[in-house]
Amino acid sequence: MTSRFLRGVAVGALAATLIPGVAHADQTREDQWYLEALDIAAAHEITKGAGVRIGMVDSGVDPDHPDLVGNVEAGRSSWSGGEDGLVDPWQHGTSMAGLMVGHGHGADGSEGILGVAPEATVVSASVYPPDHDQESLESDVATEQAIVQSIRWLADQDVDVMLLAYSGPGSQEQREAVEYAADKGITIITGTGNLSDDTFAFSAISDPARFKQTTVVAGTNEAGEHWDRSKVGREAMLAAPAENILSTIPGGGYEYSHGTSNSAAIVAGVAALMKAQWPDMPWEIIQWRITETARDLGAKGVDQETGFGMVDPVAALTETVQVPDHRTDEEVNPDPYPRAESNDHIDTTEPATTLTSSGGSGPSPWWIVIAGAAIVVLLATVAIVIRKTRAPTLERTPRSGEHPLNGGSGTRTTEVRRA
């Protein structure tokens with residue numbers, strides 16, 4: 001049963017803090033500072049998320065925004081006038097969609113917002129109506145039942161990734177809905193939540209971040225450090241930018257915001273890239289790889305502010321990671337670069353070079369063998385050097401009892417220790 005208190009918390013925790021000032025289309029790309037910080041351009045050389053569908057429980061999406069046209073699927077709405085999730089009275093859902101699947105606009109797509117997975121699509125489930133005054137709480141404000149139904153509905157639509165960018169006291173029904181989605185192989189991303197100015201607001205990380213099937217993302221600032229409004233707790237698994245994030249809003253505009261919703265949306269985009277790379281990879285291994293390849297922040301090792309560290313999209317897509325118990329190397333470290341069919345940046349039609357002897361009489365088997373061996377050795381050496389200089393292996397101990405691949409329990413601890 002859901003109280004008015006719960007529903008009020010859910011709405012308050014959904015909206016990111018908007019920053020005064022609206023950006024213009026011609027300045028948006030250069031103001032997306034997090035694209036360079038996360039080396040998104042290099043990740044897009046590998047994949048852009050083609051064919052992946054991201055389910056989102058939020059306030060709806062404006063599908064006519066120039067940066068989102070064609071990347072938003074009609075879904076469902078729990079309130080009258082929601083138009084299958086394609087109306088967004090709160091701006092929040094449209095902002096999340098831009099961070100995940102924005103493709104920009106203009107002749108070459110260089111204007112507007114570029115998302116982490118610009119060839120993926122969002123399936124919108126709207127649960128936050130425009131009215132939230134006391135008289136309409138019982139009928140209009142998103143209820144626990146609406147959230148539960150939306151999670152289950154999206155799971156039945158066979159989405160690959162699910163973003164739950166809200167926080168508040170949950171329920172057994174919501175826990176079971178998340179388990180239902182995870183059992184279908186869906187990677188579920190959520191944020192740690194934001195600290196409020198309200199003295200009586202929750203300071204501990206709450207649901208859905210306490211469900212073991214969720215990948216929980218903390219927030220960082222522009223300096224790459226823990227954002228001071230991001231909640232702290234053992235639930236935090238990794239981190240992503242939260243502060244001063246520019247994205248799409250309904251009506252074709254752009255605004256900046258702060259919040260771990262931004263962090264969660266960015267990581268959901270990274271998960272979409274991974275699903276495009278490895279469509280059959282289960283959520284547990286997506287979670288394992290994305291945390292094992294994170295760049296350590298703050299004190300060495302796992303901490304309660306940023307978990308394993310900053311998400312590293314390229315590393316998550318390319319690096320070999322430690323294999324957990326009861327898994328195989330083939331499962332955790334599949335063959336590299338299994339690209340989606342629509343990615344055509346690699347030219348596979350170039351004819352092989354034919355080596356000939358000095359007399360020009362045709363190919364020489366010995367020279368081919370020697371040259372081939374030298375190339376193999378050179379490539380292996382370069383790969384090792386790049387790996388060591390780009391993202392050194394961190395000495396980290398996975399949190400036994402929390403990570404599903406290490407026998408995690410159904411609920412993460414709610415203990416909070418501030419640094």
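Just so it is clear, none of the values below were taken in a lab; they were calculated from the coordinates. Computed from a predicted structure; not experimentally measured. Note: ideal-geometry Cβ built from the backbone for every residue, glycine included; neighbour counts use all protein chains shown.
General remarks:
- With a cut-off of 11 Å between beta carbons, the residues surrounding residue 184 carry a summed charge of -4, where Lys and Arg count +1 and Asp and Glu -1.
- Under the simplified labelling scheme, the residue 203-residue 180 pair shows an inter-label distance of 3.7 nm, with each label point 7 Å from Cα along Cα→Cβ.
- In summary, the lysines within cross-link reach of residue 212, defined as a Cα separation below 22 angstrom excluding same-chain residues under 8 places away, comprise 184, 231, 275.
- What the phi angles of region 270-285 give under the Karplus curve with 6.51, -1.76 and 1.60, with θ = phi - 60°, is a coupling list of 5, 4, 5, 4, 5, 5, 5, 5, 10, x, 9, 6, x, 4, 4, 7 Hz, glycine and proline written as x.
- Across all Cα pairs in region 205-252, the calculated P(r) in 10 Å bins from zero up to the longest distance comes to 26, 41, 27, 6 percent per bin.
- Listed from fewest to most Cβ neighbours within 10 Å, the set 212, 275 follows the order 212, 275.
- In terms of the mean number of neighbouring beta-carbon atoms within 10 Å, the peptides 98-108, 320-330, 156-166 order highest first as 156-166, 98-108, 320-330.
- Rg over Rh, two decimals, region 33-137 (C-alpha only, Kirkwood Rh): 1.04
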